[in-house]
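The structure under discussion appears below in the form of structure tokens.
The values are calculated or read from the model by the stated rules, or taken from the named source; none is laboratory data. In this text the structure is predicted, and so the values were computed from the model without any measurement. Neighbour counts are summed over all protein chains in view; Cβ atoms, including those assigned to glycine, are modelled from backbone coordinates with ideal geometry. Accessible surface is based on the protein model in full, side chains and every heavy atom, while ligands, DNA and RNA are left aside. Shrake-Rupley method; radii C 1.70, N 1.55, O 1.52, S 1.80 Å.
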Amino acid sequence: MNNYRQLKHLYARAAFGIRFEDLHDHENWSIKKAVRKLFRASEIIEPITAVTENIDMRPHSATLTPEDKKAIQEERNKQEKALNDAWMAQLGTTDAQLREKMTLFWHNHFACNIGNAYYEQELNNVTRANALGNFKTLLLQVSQTPAMLQFLNNQQNRKGHPNENFARELMELFTLGRGHYTEQDIKESARSFTGWAYNGKTGMYAFNPKVHDGGEKTFLGKTGNFMGEDIMDIITGNKQTAIFISAKLYRYFVNDVADADHVNQMAEVFYNSKYEITPLLQFMLNADWFYDDKNIGNLIKSPVDFLVGLNRQFYIKYQNPDVLIQFQRTLGQVLFRPPNVAGWAGGRTWIDSSSLMYRMKIPSTILNAGLIDFTGKADPEDEAYLASQRKQQLNVIKRVQAEPDWGKFFHDIPAGTSNDDIARFMLEPPLDKTVKDEINQTTDMKSMVIDIVSTPEYQLC
């Protein structure tokens, strides 16, 4: 495989794609150099600051009128939209692409949906700051955010009345994976996390010793007067955690079907580095098998990847960025609104007959600032939120007021580049003969490019 294709693949997976000009500028780079550059660009950390007030911290009257409740809910909705818009804007413009790509990974891994945009923003910034750092630090800091403590009910976890929700998800979804612990381990772990809470007046984590169960616990074969931190140390001391996280990263970056040998190689690096994320990713992105033909053009882009890739490729600006939330909803992935505690399933679940139709229609709609009918299917758990949004948003933004910069896009393409070469650049899978024939018959370059990004092949990376 030539270096051109390897670089394109690297940026499709570890970033949000690469522009034509950048690919030609970098085509003489080695993979090691390109990987180093991605990490260097991601040394910067850009926290989101869209939400400046925690509505839950306001002094409220004991009795709120229906009008009061409606006004507060409208403010919450505005904050949710502002947070979503801010992250989408950052994804579309940042140079720290690998950091944001990993922030998206952890956003799904530590799925959280609480309806408080201030706390959601805080959690998002915690994952961003630690996205390429140490997993043990990330796990601890995420677990002590008000967002996660509220979402997984650890506020209600008290001595004598343990709530097992956080303890269960900690092992099942965050670390070990199902089948590597017992129900008794969950009970003992829950006791250890009693007292982990946040202060409702300050919105900060504050351990409450009065409700902590200081008794002896037996967890994963070890016995002691364990605190929550001790439980996390025992969990990460178990190599299964390194295997579980490595397998999930493999499915995110490499292939939906995890290769046990490759995953074990990754887990060795991860475990031996004491859960440092950067060495693990460097190993994976430099591995020969990462660039195998079977691992190229085989993953379906998530809706956010799909939209961000378009925005970056065509330098798109939106007169009303809220339309991007509608696109997310229609395609089945609204940032900060995971469907459940397990997050988005991803992979082939991103595509069905309805969403594929929208995916193929959206590029031409955006690039031509056209009309689109938003009738995406709502997740049952999101119905109440959608009901509150329908009047003020869904029925308002019908025309996609987008401004792609075609001048910049075509300026990036070297003179004399053939239609075939443009298509090969924009599509990860090999060109289908039908697509080839169609684009070679087109003389209007803009129409030809829109045709390319409206193909099923463009949904793959």
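Assorted remarks:
- Long pairs among Lys248/Lys301; Lys101/Lys239; Lys101/Lys301; Lys101/Lys248, criterion Cα-Cα beyond 23 Å: Lys101/Lys239
- Among His161, His24, the sequence by solvent-accessible area, most first, with a 1.4 Å probe is His161, His24.
- Contour excess over end-to-end distance, with Cα ends at Glu216 and Ala71 and 0.36 nm allotted per residue: 47.3 nm
- With R₀ fixed at 35 Å, the C-beta to C-beta distance from Thr417 to Ala129 puts the FRET efficiency at about 0.30.
- Ignoring lysines fewer than eight residues from Lys70 along the same chain, the ones with Cα atoms less than 28 angstrom from its Cα are Lys78, Lys81, Lys201, Lys377, Lys391, Lys398.
- Proximal lysines to Lys187, defined as alpha-carbon separation beneath 16 angstrom and excluding residues fewer than eight positions away on the same chain: Lys159, Lys217, Lys222
- The order of the peptides 162-175, 84-97, 41-54 by mean Cβ neighbours within 10 Å, most packed first, is 162-175, 84-97, 41-54.
- Protection proxy ranking, highest mean first, for peptides 150-159, 215-224: 150-159, 215-224, where packing is the per-residue count of other beta-carbon atoms within 10 Å, averaged.
- Between Asp233 and Arg40, the modelled label-to-label distance comes to 3.9 nm, taking each label 7 Å out from Cα in the direction of the beta carbon.
- Full-stretch length increase - Lys32, Lys159 - with 0.36 nm per residue and alpha-carbon distance subtracted: 40.5 nm
- Each Lys and Arg contributes +1 and each Asp and Glu -1, all at the Cβ; summed about the Cα centre of the chain, the dipole is approximately 540 debye.
- By average C-beta atoms within 10 angstrom, highest first, the peptides 434-440, 246-252: 246-252, 434-440
- Relative to the dominant Cα principal axis of the chain, helix 228-237 is inclined by about 50°.
- Rounded to the nearest 10 degrees, the angle from helix 353-367 to the longest Cα principal axis of the chain is 60 degrees.
- With the helix formula -39500 (n - 2.57) applied to DSSP H stretches of n ≥ 4, the chain reaches a computed 222 nm mean residue ellipticity of -15500 deg cm²/dmol.
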